[in-house]
Structure formats: C-alpha cells, structure tokens
Amino acid sequence: MPFVVPSILVQQYGPVSGRIPFDALVTGGTPGWRLWLPAARCHRAMMAAARTAGFDPRSTGTYRTYERQVSLFKERYSWTNTGVGRKFWPVSLGGDDHYWWKIQNPVTKKYPADAAVPGTSEHGWGCADDVAEELDGDAPVESISAAFHIWLTINARDYGFEQTNRSENWHWAYTLGGVIPPLVLIYEQPLPPPPPPPPPIVPPVAPKGKKMIYLVRAWNSTEVYATDGLQKWHYNPTQYQWAKNMSVFGFPFVFDGSTGGPLVVDPDVIDQLPLAGGT
Ligand SMILES: [Zn+2]
C-alpha cells in the first residue's frame, strides 16, 4: 500500500513533514536514530526478524528535519532544466512555486538519487529508514545485498514497511499510518516467566551396612562406570543387570543409558569390581 501520512502527526505538527520535535520521537541505538513511535516499534521487530534470518541490517538515515531536507534537495536539484527528475516545490511547502530538476554531475554525467520535495519526505514523518547492511565486519556499512533486499521484499510488509521508492532499494518506509501489524505485537509479547527451579537433589542415604554408588556413562562412551564419588569401578553389561536387581533395596534405580542412578550395594560386592582409577 502507498505511504499514509499519519493524521495524528498532521494534527499536531501541521501538513509539512520535518516539523516533529526531536523529543516527540523515539531514539535508537545509534546517534541520530529517530523514528515516530509506531514506525520505531515495527522497525525494531522487523530488524530482529532480519537478524534471526542471518542478516546484519543497519540504519543509515531515519528522521530528517525540514531544514535538512531543504539542503539535501538543493544539493541534488536546481532550476536548470536538465530534463531529469522534475519536481514542483509549492509555496505551501515552503517552496517557490517553481519546477526543479536533478543536477547532472559534470564529471560522471550521472544524476543523483531522488530527494523528496521538502515538506513531503517520509523521513520527515519519522517513518522511513535508509537501510544498509554490515557484510564484511569492518566499520563502514555496505549497501544492502541482493539476498537481504529479497528478504525485505518478502517480509517487510508483515512489519508495516515497504520500499516506497522503486529506484531506491535502501529506502524502506512504515506505511500504515499508526496501525501495528500482528507480527509486531507478537514480537513485543513479554517472554513467559521462567519455569520454577527444580527441587534440590537430595542424595539418598544408604541403609546401615550398605554403600551408595552411582552408575555413570560418559556422553561419548558406551562404557559404564560405578562410582561412590571417591572411587570408580569398571562396570560391564552383566553387572548392569546385576545393578538393576540391586534396586530391590528400595531406592529408585534410574539408568537412562547416559546418566547414572543411585544404587545401594553391599560393600563386599562393590569391592569385587575392578578399579578404574579416580573419579
Ligand atoms: Zn530514504
């Protein structure tokens, strides 16, 4: 959908974009990052989703004041008719009721990127971000990759953002005028409280004349050891069966194949097992 100028912002700050005071905007992690609250919420959720998808997105241009837009516009456009990018800047938007054309670079013969007529920029509504990407790990950010552009094209709409200028693949604007899409609300759901901690493990106490041992199997081994915490004994499958039978002493014998369970044995029996070094 096309960009919707947020009516509440027009009511509060007038129809010319770039007139929102800084303190009415949300600031972000980087200096100068400012967006209107609904846009900021959607942006935050969208960027989190992009990071989950493996991208490292960066903002390079968010809110822009009217004055900043004027200087940007005048860097790129003039009264000279080059036949390229004609724009009308009306008095109602602080202009001169003149047509302006893009200035051609005399050396490269190229024309600059678009700049909105001052007073109409989506940046001036705190709703647009010029998105870059960190690709090589060093300080300057890179232009967004083809892969990330595809990801944004598919997913940004779910977060209320769209590429609103066909010739600028970096320019993404929040177009919903204040509506927050469901995916953003889901992202903002508080995390469920952590589960209560498990009860402390109380080691069972061996009955008089018996000894408590544990069966242990290392995660990377099929070999089973018996240990009383001080010594370690080799333990073969026959003895495993024997160990299971020993559980009749009334203590739960748990052996799930990877971890040991407490086991009550006669000291005589355990002494017959071959030692396997310290624990
Ligand atoms: Zn932009």
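The values are calculated or read from the model by the stated rules, or taken from the named source; none is laboratory data. Worth saying up front: this structure is predicted, and the values here are computed from it rather than measured. Cβ sites come from the backbone with ideal geometry, for glycine too, and all protein chains shown count toward neighbours.
Before moving on, here are some points about what is shown:
- Verdict on VAL131 being surrounded by 19 or more Cβ atoms within 10 Å (Cβ to Cβ), within 13 Å of the ligand (Cβ to nearest atom) and under 16 Å from ALA50 (Cα atoms): yes
- Per-region count, segment 6-40, residues farther than 26 Å from SER143 by Cβ and out of contact with any Pro (no Cβ under 9 Å at 6 or more places or on another chain): 15
So that you can scan it fast, the table gives a plain yes or no per residue for (1) part of a helix (DSSP H, G or I); (2) in contact with an Asp or Glu (Cβ under 9 Å, 6 or more places away or on another chain); (3) not basic (Lys, Arg):
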site: ALA139; (1), (2), (3): no, no, yes
site: ILE150; (1), (2), (3): yes, no, yes
site: ASN155; (1), (2), (3): yes, no, yes
site: ASN165; (1), (2), (3): no, yes, yes
site: ASN169; (1), (2), (3): no, no, yes
site: VAL179; (1), (2), (3): no, no, yes
site: ILE186; (1), (2), (3): yes, no, yes
site: PRO190; (1), (2), (3): no, no, yes
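- Test: residue in segment 45-53 that is polar (S, T, N, Q), under 30 Å from ARG157 (Cα atoms), within 13 Å of the ligand (Cβ to nearest atom) and assigned by TED's automatic domain parsing to the domain that holds ASP23: no
- Screening VAL117, VAL84 for residues that are within 16 Å of the ligand (Cβ to nearest atom) and more than 17 Å from ALA156 (Cα to Cα) leaves exactly one candidate, VAL117.
- Residues satisfying the stated conditions in segment 117-163, i.e. of a type in the set (Ser, Thr, Tyr) and within 17 Å of the chain's Cα centre (by Cα): TYR159
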